[in-house]
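Engineer: This is the structure, below, for whatever I ask next.
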Amino acid sequence: MGLFGGESKFESSIKQIPYPQQAVYNNISDLRNLEKVRDRVPEDKVSDFSFDEDSVSLNVPPVGELKLRICDREEPKCVKFETVQSPVPFNVWIQVLPVDENNSKMKVTVKAELNPFIKGMVEGPLQDGVEKIADALSQIHYE
């Protein structure tokens, strides 16, 4: 910590989801549901996209191979991921809060330990990536 870096936090804007909190949580807490968004993943940006109930792996040029797994489920409001394989270790939180019984809102947060040099290179793409993940998640049908 200290001089050589620290925790950097990247947050998406808050997305409105026209589905109940529990339905959204049930979907994001089981990664097999990623099948629903497989066709939205741009193949020029992501390859080797695979997943099971608790983990997801993908190859993102120029970053390389990424593998994340769910390390904490806080039903019905939060799913936390940690990196298993990544050039830069980071955590991802997907938070879901109720608006009313039929609507909820979602925010995606990434926290990473970045030294100033790395931070300068990845800050833009990370912020952009967090927003794209949130956008994709906000467009899923959570029936």
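Engineer: What tally of residues in the stretch 31-84 results from selecting those that are in a helix (DSSP H, G or I) and of a type in the set (Lys, Arg)? Walk me through it before giving the result.
Structural biologist: So in the stretch 31-84, the residues in a helix (DSSP H, G or I) come out as 31-40.
If we keep only those that are of a type in the set (Lys, Arg) too, we end up with 32, 36, 38, 40.
Qualifying residue count, the stretch 31-84: 4.
Engineer: Looking only at the stretch 71-91, filter to residues that are surrounded by fewer than 14 Cβ atoms within 10 Å (Cβ to Cβ) and of a type in the set (D, E, K, R); which one of those is nearest to Pro20 (Cα to Cα)?
Structural biologist: Selected residue: Glu75.
Engineer: Related question: Of all residues in the stretch 95-121, which are farther than 19 Å from His141 by Cβ and in contact (Cβ under 8 Å) with a residue 24 or more places away in the chain?
Structural biologist: Let us first name the residues in the stretch 95-121 that are farther than 19 Å from His141 by Cβ, namely 95, 97, 107, 109-121.
Leu97, Lys107, Thr109, Val110, Lys111, Ala112, Glu113, Leu114, Asn115, Pro116, Ile118, Lys119, listed by residue number.
Engineer: So Ser138 clears everything in (1) surrounded by fewer than 18 Cβ atoms within 10 Å (Cβ to Cβ); (2) among the small types (Gly, Ala, Ser); (3) touching a strand residue (DSSP E or B) at 6+ places or on another chain (Cβ under 8 Å) except one condition, right? Which one?
Structural biologist: Ser138 satisfies every listed condition except (1).
Engineer: Same structure, new question: Can you tell me which residues in the stretch 99-137 are small (Gly, Ala, Ser), in a strand (DSSP E or B) and either over 15 Å from Val24 (Cα atoms) or modelled with pLDDT under 90 (or both)? Quick ask: steps written out before the conclusion?
Structural biologist: Our first condition is that a residue be small (Gly, Ala, Ser); within the stretch 99-137, this holds for 104, 112, 120, 124, 129, 134, 136.
In the following step, the residues that additionally are in a strand (DSSP E or B) were identified as 104, 112.
Selection gives Ala112 alone.
Engineer: While we're here: Answer yes or no as to whether Ile94 is over 13 Å from Ser8 (Cβ atoms) and modelled with pLDDT under 90. Outline the logic, then answer.
Structural biologist: Values: over 13 Å from Ser8 (Cβ atoms): yes; modelled with pLDDT under 90: no.
No: the conditions fail for Ile94.
Engineer: Report the residue count in the stretch 31-48 for those that are open to solvent by 30 Å² or more (accessible area, probe 1.4 Å) and either touching a Lys or Arg at 6+ places or on another chain (Cβ under 7 Å) or closer than 15 Å to Phe81 by Cα (or both).
Structural biologist: Matching residues across the stretch 31-48 total 2.
Engineer: Another question, then. Do you know which residues across the stretch 101-115 are crowded, with 19+ Cβ neighbours inside 10 Å and not β-branched (Val, Ile, Thr)? Please lay out each step first, then the result.
Structural biologist: Within the stretch 101-115, the first condition is being crowded, with 19+ Cβ neighbours inside 10 Å, and the residues that meet it are 104, 106, 108, 110, 112, 114.
Within the stretch 101-115, Ser104, Met106, Ala112, Leu114 qualify.
Engineer: Return only the number of the condition from (1) small (Gly, Ala, Ser); (2) at pLDDT below 95; (3) under 16 Å from the mean Cα position of the chain (by Cα) that Ser55 does not satisfy.
Structural biologist: (2)
The values are calculated or read from the model by the stated rules, or taken from the named source; none is laboratory data. Keep in mind that this is a model prediction, so the values were computed, not measured. We place every Cβ from the backbone using ideal geometry, glycine too, and count neighbours over all the protein chains shown. Ligands, DNA and RNA are stripped out before the accessible areas are found, and what is left, the full protein with its side chains, is counted by its heavy atoms. Shrake-Rupley method; radii C 1.70, N 1.55, O 1.52, S 1.80 Å.
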